[in-house]
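The values are calculated or read from the model by the stated rules, or taken from the named source; none is laboratory data. What you are looking at is a predicted structure, and each value in this text was computed from that prediction instead of being measured. Using ideal geometry, Cβ is built from the backbone for each residue, glycine included, and neighbour counts are taken over all protein chains shown. For accessibility, only protein heavy atoms count, side chains too; no ligands or nucleic acids. Shrake-Rupley method; radii C 1.70, N 1.55, O 1.52, S 1.80 Å.
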Amino acid sequence: MGTRTSISEQLRNATPVGTEVPADRRTVQPQSSRSSAQSSSAGSQSSQVTDSRQVDEKTISLPAALPPVTLFVPPQTTDPAERLKFCTAAIVDADRRTQLATERLTQQYLLWVGEPYRIVRDEELFRLDGFPTFDAWGRALNGRSGDYMNKVIRVAPVVHALSSITRRQLREQPLRPLVAVHRDHGDDAVRECWKKAEAAGDLTERGLRAAAIECGYATALRPTHDQAATPARLEPSGLLQLGKLRRLAATDPDQALQVCRRLQEDLARLEQDLTANASAPEARDGD
């Protein structure tokens, strides 16, 4: 049976960028010194633009190392039940590893692109490519709208603050309450709110907002006196979910009719009870 390794172990064991690759793992063999000299000579004659581009690529290059490809090792047992158990566990493990890797890559992507987006937007560098707006530039570059890129810009500092304590797939909407927390109080406050919401089991936008309020980094919005005194108006259509009845009537009119009749009977009994309860105090007052 093969040895299983986690994704994090595979990433650690992968060859880092800039590390000398052993000869038996090289896909391109080194050229002779004569060829190298010819390459150097040709490179010296390249344009200044090409040289500048090479320097830029070395400066901003992103990590290119990927975990090695691994294959499934079939079970060695001939027992059908054991083989099923082995294959099922392998599939579940693959799903788990893929989910973790996807969450990590999504988090990393936001960290990679957030600051470049901000620089291009704030310095209006998109105009150098002939685009009138940040939105037009993003759509031409990779199909991203200005709204999406602005969201990434806002949430990137929060993602960076949380990158040391979580590998969850971080999305812009749930993290909105933490944007202001980070702006006003910094990384530690963001992490404190996250841990508070995580302990409460609610990492939604509502949960993170509640955590920020509990930690003292946000203020709860309280209704005005008029809003508190006026109850919300209840619509019959919302209480009875008439839309569902209409959809049912479109597919099964007979069943929908039976439901309507039962509702009428229930409503009639409820009306009698409410009428009796309303008249009871009047009878007592008359006594």
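Based on Cα contacts under 8 Å between residues 6+ apart, the stretch 87-229 shows a relative contact order of 19 percent.
Per the Kirkwood formula applied to alpha carbons, the stretch 84-149 shows a radius of gyration over Rh ratio, Rg over Rh, of 1.32.
Accessible-area rank, largest first, for Phe86, Phe72: Phe72, Phe86, with all protein chains present and a 1.4 angstrom probe. Convex hull volume of the C-alpha atoms in the stretch 114-200, normalised per residue: 98 Å³.
Stretching the chain fully between Ala250 and Tyr109 yields a gain of 46.1 nm (0.36 nm per residue, less the alpha carbon separation).
Each of Phe72 and Gln173 was given a label point 7 Å from its Cα along the Cα-to-Cβ line. The distance between the two points is 3.4 nm.
Return the FRET efficiency for the residue pair Ser163, Cys87: r is the Cβ-Cβ distance, R0 is 45 Å, and the value is rounded to the nearest 0.05. Plugging the Cβ-Cβ distance into 1/(1 + (r/R0)^6) gives 0.80.
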